[in-house]
Amino acid sequence: MGKQTPAERLFTLTCCLVAAQSYGVSKRQLLESVSGYAENKTQEARDRMFERDKDLLRAMGIQLEVIDGEGSDDPEATRYRLTKQAFDWPKDFTLNERHMQLLELAAKAWNHQSLGQVAQSALTRMRAFGAAFEQQSLQVVSPRLFAKDPNFTPIAEAIDRGVQIEVQYQKPESTPELKHLSPVRLRFKAGQWLLLASDSGELKNYLLRRMVSKAALSELAAERFDAVDIEAAELSLEAHIQSQQATLELRPGSEAWYHFGGDRVQVAYMDQELFAEELIDLGMDVKILEPKSLSEYVTKQLQAVIESHA
């Protein structure tokens, strides 16, 4: 493994802090887990680099918490962890198309093998120290949705060029249907990427995960809509999201706990089947308290999996 860049070192340090137990991790454990620190020949140089990195993380908005050793002379008594709100979305901040394209590039960088190896190697060292949860992965900082959807890039390009797209769209329990859409905007709502687009003059929202073919760009100009029509479509979407609320109980310190941000949370979801898939992936860390229909659907899906492997 080659020499770490400053960005890679900060990324690995963040991953270690994400994976740490609730009582935090010591400076020694961090210095020995993040390979970038070992490249310094002296302990003094490693200490200086670590102090600079702490300041950089805080400057980037990552809330690093120091747990005081209560007067102890033992360096191991002082420990570090991230606050529960470390990855909360900033209030009143919305993404535009340019932001989304940059986030997609960041997601592709995460999925690159070299970054994955660096992070996983550090996490393995943390587990060896007993400073990280055995079942904890890096899902909380892994952008699960951005790079996975092959239609994000062509749709963003179609919006930039102002042209229509053709794509096969499949609703639950139905056959795929070819859609000729005029894309208006992409948004990330209730855990799903959505495309606001017109189909024969009517503005609707389309889930990217329901698109079962690659979007093809047309030479036809996309329909244009005024701000009033777009705002009305957005308000309709928000009303739909607020009508779909789930109450979840999460195991503290688990991936689900980091993912949803609390022990007991209320979560708005877009699509029952897709939300159920997400909850199933999180396994026993999640208990569905409400609604009953969602709980029954997840139970039914799990039973089907068990029966198919019996």
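The values are calculated or read from the model by the stated rules, or taken from the named source; none is laboratory data. Everything numeric here is computed off the predicted structure, so don't read it as measured data. Here the Cβ is made from the backbone with ideal geometry for all residues, glycine too, and neighbour counts use every protein chain on show. These area figures cover heavy atoms from the full protein model, side chains too; ligands, DNA and RNA do not enter into them. Shrake-Rupley method; radii C 1.70, N 1.55, O 1.52, S 1.80 Å.
Brief remarks on what is shown
- Taking region 2-41 as the range and being among the charged types (D, E, K, R) and part of a helix (DSSP H, G or I) as the test, the residues that pass are 8, 9, 27, 28, 32.
- Given (1) part of a helix (DSSP H, G or I); (2) open to solvent by 80 Å² or more (accessible area, probe 1.4 Å); (3) within 25 Å of residue 207 (Cβ to Cβ), index of the condition residue 301 fails: (2)
- Residue within region 42-62 that is more than 30 Å from residue 189 (Cβ to Cβ), modelled with pLDDT under 80 and part of a loop (DSSP other than H, G, I, E, B) present: no
- Condition met for residue 31 (farther than 16 Å from residue 82 by Cα and not basic (Lys, Arg)): yes
- Test: residue in region 224-237 that is out of contact with any Lys or Arg (no Cβ under 8 Å at 6 or more places or on another chain), open to solvent by 20 Å² or more (accessible area, probe 1.4 Å) and either at pLDDT 95 or above or over 25 Å from residue 93 (Cα atoms) (or both): yes
Each row is one residue, and each column tells you yes or no for (1) out of contact with any strand residue (DSSP E or B) (no Cβ under 7 Å at 6 or more places or on another chain); (2) of a type in the set (S, T, N, Q); (3) not in a helix (DSSP H, G or I).
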residue: 229; (1), (2), (3): no, no, no
residue: 233; (1), (2), (3): no, no, no
residue: 236; (1), (2), (3): yes, yes, no
residue: 240; (1), (2), (3): yes, no, no
residue: 248; (1), (2), (3): no, no, yes
residue: 256; (1), (2), (3): no, no, no
residue: 265; (1), (2), (3): no, no, yes
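- Restricting region 77-92 to residues that are open to solvent by less than 50 Å² (accessible area, probe 1.4 Å) and modelled with pLDDT under 75, the residue that is nearest to residue 12 (Cα to Cα): 86
- Boolean, residue 184 is exposed (fewer than 14 other Cβ atoms within 10 Å of the Cβ) and β-branched (Val, Ile, Thr): no
- Looking only at region 1-57, and only at residues there that are within 26 Å of residue 261 (Cα to Cα), touching a helix residue (DSSP H, G or I) at 6+ places or on another chain (Cβ under 7 Å) and charged (D, E, K, R), the one that is surrounded by the most Cβ atoms within 10 Å (Cβ to Cβ): 9
- If you go through region 141-177 and keep only what is modelled with pLDDT of 85 or more and assigned to a loop (DSSP other than H, G, I, E, B), you end up with 151, 162, 170, 171, 174, 175, 176.
- One residue stands out among those in region 252-281 that are of a type in the set (S, T, N, Q) and either modelled with pLDDT of 85 or more or open to solvent by 30 Å² or more (accessible area, probe 1.4 Å) (or both): the one that is nearest to residue 305 (Cα to Cα), which is 272.
- Selection from region 178-208 of residues that are outside any strand (DSSP E or B), at pLDDT below 90, farther than 18 Å from residue 244 by Cα and not hydroxyl-bearing (Ser, Thr, Tyr): 201
- For region 215-253, the set of residues classified as among the small types (Gly, Ala, Ser) and more than 20 Å from residue 295 (Cα to Cα) consists of 215, 216, 218, 221, 222, 227, 232, 233, 236, 239, 253, listed by residue number.
- The test for being open to solvent by less than 60 Å² (accessible area, probe 1.4 Å) and touching a His at 6+ places or on another chain (Cβ under 8 Å) holds for residue 218.
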